[in-house]
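Accompanying notes for the structure given below.
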There are 4 protein chains.
Amino acid sequence: MAIVLGDNRYGKAEVRLVRVDRGAEHGITDLNVSVSLSGDMADTHLTGANDKVLATDTQKNTVFAFARDGVGAIEDFGLRLARHFVDSQPSIHRARVRIERFTWTRLGPHSFAGAGGGTRTAVVTYDGEQAWVVSGIADLTVLNTTDSEFWGYPRDPYTTLQETKDRILATAVNATWRHSTTEVDWDTSYDTARQSLLDAFSGTYSYSLQQTLYAMGERVLTNDPGIAEVRLSLPNKHHFLSDLTPFGMDNPGEVFYAADRPYGLIEGTVLRDDAPPAGPAWD
Amino acid sequence: MAIVLGDNRYGKAEVRLVRVDRGAEHGITDLNVSVSLSGDMADTHLTGANDKVLATDTQKNTVFAFARDGVGAIEDFGLRLARHFVDSQPSIHRARVRIERFTWTRLGPHSFAGAGGGTRTAVVTYDGEQAWVVSGIADLTVLNTTDSEFWGYPRDPYTTLQETKDRILATAVNATWRHSTTEVDWDTSYDTARQSLLDAFSGTYSYSLQQTLYAMGERVLTNDPGIAEVRLSLPNKHHFLSDLTPFGMDNPGEVFYAADRPYGLIEGTVLRDDAPPAGPAWD
Amino acid sequence: MAIVLGDNRYGKAEVRLVRVDRGAEHGITDLNVSVSLSGDMADTHLTGANDKVLATDTQKNTVFAFARDGVGAIEDFGLRLARHFVDSQPSIHRARVRIERFTWTRLGPHSFAGAGGGTRTAVVTYDGEQAWVVSGIADLTVLNTTDSEFWGYPRDPYTTLQETKDRILATAVNATWRHSTTEVDWDTSYDTARQSLLDAFSGTYSYSLQQTLYAMGERVLTNDPGIAEVRLSLPNKHHFLSDLTPFGMDNPGEVFYAADRPYGLIEGTVLRDDAPPAGPAWD
Amino acid sequence: MAIVLGDNRYGKAEVRLVRVDRGAEHGITDLNVSVSLSGDMADTHLTGANDKVLATDTQKNTVFAFARDGVGAIEDFGLRLARHFVDSQPSIHRARVRIERFTWTRLGPHSFAGAGGGTRTAVVTYDGEQAWVVSGIADLTVLNTTDSEFWGYPRDPYTTLQETKDRILATAVNATWRHSTTEVDWDTSYDTARQSLLDAFSGTYSYSLQQTLYAMGERVLTNDPGIAEVRLSLPNKHHFLSDLTPFGMDNPGEVFYAADRPYGLIEGTVLRDDAPPAGPAWD
């Protein structure tokens, strides 16, 4: 028996880059970029020799320098960075670049207001030969006030929940989707996927959040043949009907208490049965 | 010398109430309500006798019960609640109700998506005779990519900052404004105030964030004669130009690093010189 | 009627300063320092002229430079900084320095682990003639598993709460206390105040959190004659007894659900009846 | 090509359970419990039929009911719960129970104060035949003021970092370790692992955080033969030396700026070369 080094990676996390495009109207790209590299890193772990360790400070500098010529779609920016690290450093065998893009709405030719509606994300992986791209959206909060039921579940000795034929269904969508190729119009693809998620959520008469999850994933795949697989993580943000009977009042689905914890958490994958292998895309 | 009880108040904080209005199209009102009461409370502090202490659980129940007949503008809902507590409990001499209203956008007849653009707030105070209403907005993030300078400040032995004739100016607006009366069309007033803040921020060629602050407060007062006083708290969310010269690149105002801490914090009041006394409105 | 500038202040917030004292054993002082200045600031608000605006960047530099010769007690560090800003800048008429000190425990001669047990705070105000010092502790979480009752409160039409003769009482203490002078052994005073809060919380048989609050404030004043006034803000972190009867079990005060929101919030002041005027100490 | 359901799981997250043991001295167990189940769940995703979906509300109830007879070590509590769900529900093929235990220190026979020093964690997985247990600690903040160097790294065109022979090394340890069996004295094992992490961090003269990471993992394995594998995620919480030369001061390693973002992130695994297969332990 011996103690050995297993999988490892390192990098600079959460580089907060803002790029201004100064045309007649200014544009803004507001990013949070995290780089993670792996490769021939045994020396630094075992002896502290750092000759194969591209400093995380250098990774940060590279993010800013690469933004000098423009950023474009975050998937493309991630691909540029990931390829650079692996192709320029022999000791780096795999690069992972994760990017969040925060949303702004235009107020004027050079003025913006922060917007909600979820944060666009991309995770790019490159191993020197192949690249994998996973796009996504984080914290897209949605709520249906009706068209949601939940009943017919098994009743074991610990079951007290009442069945319901009408409830609020609310969640914060965290969805990621894997592309089959890297030849994609990323912005169009993102807009289509985001709209598909919203349409499927609001348009599905739901008997469980699992059913809604599947409908959302299926809609994304149906509307974009270049997407191979969708993963969703949906907290069930419970809204409990307030009991007003002690005050002599009924409550016909109007007054709710929004609970924090605990919450349901529904996670699932929807994919094409002929999807190419995922490789390290989701690692 | 004796040790005595000074100012005190108590209540239920952060009651998360969601009301659904079930017309042809459903409406949603998503609130965080905090109640704070004060009055003849020496007994409970000194002896633990609770006969004058309306339980905070009761306060919570009241919030839900009062929502049964509709909520309306948060200022009106706060006024209803505050008046109830003082007028129905002899030991309660003053009530403070603070409400946050979260913003949703419509996706369909009974579907909604969470929105950004700041959280609407109201703080209502009632003492049995008079009511004071302070409306506001929290965390309205805005950014100008240009039309901001900062120079001409004094240079003491600790000053190293370079003057600039062009910088990013970004902040998260936290603004509150006091109304002269309680006879107000609250929703119209809020929309006007919010738009005034956005217009003044984006339309002001700025030599300091203080100047922008004053312009924002002045605009709110100019556009609504019923508002007596505006208070603003504006973090200066610094965006530092990235130094790309080590990489042989210039950086003509395009690539920035968005810093977290420290940040500037600019706070100020803009008011009418004939504003009625504030009383306990801001306590 | 005219629109005018009211109260205002500005400064650099959350300067994260860590000082290492490199003796035989190293010491560490881990601070979050916020500076806020006010004075003759009409010009920058009204015209953008900044010749009276000591840059917030300069304030930050001053914090680091003043740490070069040691920090000492945070109250003394705050006094040094506040006096410097007012005494060296004619346009600055008042300085407020707020400091948080994070707690570390020693692991070795130059090794430390982050500790809980609350964050020490100080707020120093100086107006060119007088200084006020408010010390405090934030987020000191405490819990009693028994010796807490709550009953005898009024029952109005919205009251459903059951009386209890035995409950968990838990809170996160946020306490601040005003000193009568600035000639204080700050570290000893802090240790005494913190221990007084813990002793009074754990040693009080409580009929309401208000009663516990008063006991805590009184204990601080009793144990330190140099403290004039104590302010406490105590969230009532509710622990609800879990109803296990549907599963054929009793629950004799053993299994609880710790709720997030809503929570009670109890705020109060305990002071000496001959306390000197507070002036701007708490503004 | 068809669209199909892939991996999925669901459950109740963040059940906040507090158990009081009421002996001569009271004990307290403060937990955050998350359950996640998977199995034969196609129906609910595809048709909304819920007859195989044990409600997440039932899972929550089970957590509280199982605490009635005591909790014990969180690993044992997780095993009891995981086995119950799989063994009692034919449609559930795998259960995952994740538990956080918050740390309290004793103030008196029934009084406690919240403590720092990291949160104890356990993740238990059970598939009807075998159980896997991963213990851990989250957010254990540690800092060395010296005995840390970083130099010898490659210099590419984007490298500007200066080499250093003396720096602050600080991190928030997030460590998890997989046990070879479920026959373990969990509390002793945890105490040994936690102390091993602290000792290795404070006792390692470090040339890179990777080297420290490996030393920490190796120490845990060396001190507990029942542990097969350790995974560590260590943010490099940068402390930058403040440049005081503009103020005519040197800075011999005494005054630092603690940065928020970006930060380095070092992740790695240390394991025995004869470790049993991990199976779904870390999924």
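Rule-based calculations on the coordinates, nothing more; no lab input. The model shown is predicted, which means the values in this text are computed figures rather than measured ones. Quick reminder, even Gly has a Cβ in these numbers, built from the backbone with ideal geometry, and neighbours come from all protein chains shown.
Odds and ends about this structure:
- Residue among A:Asp30, A:Asp191, A:Asp260 with the largest mean-square fluctuation in a Gaussian network model of chain A, springs linking Cα atoms under 10 Å: A:Asp260
- Taking D:Arg19, A:Arg106 and counting other C-beta atoms within 10 Å, the order from fewest to most: A:Arg106, D:Arg19
- Virtual paramagnetic centre 7 Å along Cα→Cβ of B:Ala49, amide N under 19 Å, in the range C:113-152: C:149-152
- Near the amide H of A:His93, within less than 5 Å, lie the amide hydrogens of A:Ser38, A:Gly39, A:Asp40, all on another chain or at least 5 residues away, with H placed in the peptide plane.
- A simple rule links phi to the HN-Hα coupling: the Karplus curve 6.51 cos²θ - 1.76 cosθ + 1.60 with θ = phi - 60°, which for the range A:65-72 gives 5, 5, 7, 4, 9, x, 10, x Hz, with x for Gly and Pro.
- Note on A:Ala138 and C:His93: with the Förster distance fixed at 41 Å, the Cβ-Cβ geometry gives a FRET efficiency of about 0.30.
- Using only the C-alpha atoms, the convex hull of the range B:158-202 corresponds to 129 Å³ per residue.
- Shape of the range B:14-85, Cα gyration tensor, a/c cut at 1.5: prolate
- Start at zero, step by 5 Å, and the Cα-Cα distances of the range A:134-283 spread as 2, 9, 17, 19, 17, 12, 9, 7, 4, 2, 1, 1, 0 percent across the bins.
- Working note: Karplus 6.51/-1.76/1.60 with θ = phi - 60° gives the range D:151-164 the couplings 7, x, 7, x, 10, 9, x, 9, 8, 10, 4, 7, 5, 9 Hz, where Gly and Pro are set to x.
- Virtual spin-label span in nm between D:Asp69 and A:Glu163, 7 Å along Cα→Cβ: 3.2
- A cut-off under 10 angstrom between Cβ atoms defines the neighbours of D:Leu241, and their net charge, with Lys, Arg +1 and Asp, Glu -1, is -2.
- Positive minus negative residues near D:Thr269 (Lys, Arg vs Asp, Glu; Cβ under 14 Å): -2
- Over the range C:8-129, relative contact order from alpha-carbon pairs under 8 Å, at least 6 apart, %: 27
- Stokes-Einstein D for the range A:149-231, Kirkwood Rh over Cα pairs, 25 °C, 0.890 mPa s (µm²/s): 169
- Computed about its Cα centre, the charge dipole of the protein assembly as shown is approximately 0 debye, with only Lys, Arg, Asp and Glu carrying charge at their Cβ.
- The GluC sites (Glu not before Pro) found in the range A:48-135 that occupy coil by DSSP, while having at most 11 further C-beta atoms within 10 Å, are A:Glu129.
- Structure remark: mean-square fluctuation, Gaussian network model of chain D, C-alpha springs under 10 Å; the largest value among D:Asn144, D:Asn174, D:Asn251 belongs to D:Asn251.
- Diffusion constant of the protein assembly as shown at 4 °C, which comes from Stokes-Einstein with the Kirkwood Cα-pair radius and 1.567 mPa s, µm²/s: 41
- Using only the C-alpha atoms, the convex hull of the range C:8-129 corresponds to 101 Å³ per residue.
- Karplus 3J(HN,Hα) series, Hz, for the range D:210-216 with 6.51 cos²θ - 1.76 cosθ + 1.60 (x for Gly, Pro): 4, 4, 5, 4, 4, 4, 5
- For the peptide C:62-75, the mean number of other protein chain Cβ atoms found within 10 angstrom of a residue's Cβ is 4.
- Charging the Cβ of each Asp and Glu at -1 and of each Lys and Arg at +1, and nothing else, the dipole of chain A about its Cα centre rounds to 680 debye.
- Near D:Ser148, the amide H atoms lying under 5 Å from its own belong to D:Arg167, D:Ser206; only residues 5 or more places off or on other chains count, and H is placed 1.01 Å from N.
- Estimated dipole of the range B:119-245 in Debye, rounded to 20 [Cβ of Lys and Arg +1, of Asp and Glu -1, Cα centre]: 360
- Average other protein chain Cβ within 10 Å of Cβ, residues A:238-250: 4
- Computed across chain B, the Kirkwood hydrodynamic radius from all distinct Cα-Cα pairs reaches 21.6 Å.
- Relative contact order for the range D:136-283, counting Cα pairs under 8 Å that sit 6 or more residues apart, in percent: 25
- Residue of A:Thr47, A:Thr145, A:Thr125 that the Gaussian network model of chain A assigns the largest fluctuation, springs spanning Cα pairs under 10 Å: A:Thr47
- D by Stokes-Einstein for the range B:230-283, Kirkwood Rh over Cα pairs, 25 °C, 0.890 mPa s: 164 µm²/s.
- Cα long-axis angle, helix A:74-88 against chain A (0 to 90 degrees, to the nearest 10): 30
- Counted by Cβ distance under 14 Å from D:His45, the other residues give a net charge of -2, where Lys and Arg count +1 and Asp and Glu count -1.
- Between the helical axis of A:186-203 and the longest alpha-carbon principal axis of chain A there is an angle of about 10 degrees.
- Take the Cα of A:Ser233, go 7 Å toward its beta carbon, and the backbone nitrogen atoms of the range A:156-198 under 17 Å from that spot belong to A:171-178.
- Gyration tensor over the Cα atoms of the range C:73-139: the corresponding equivalent ellipsoid has semi-axes (square roots of 5 times the eigenvalues, largest first) of 30, 13, 7 Å.
- Length-normalised contact order of chain C in % [C-alpha pairs under 8 Å, at least 6 apart]: 13
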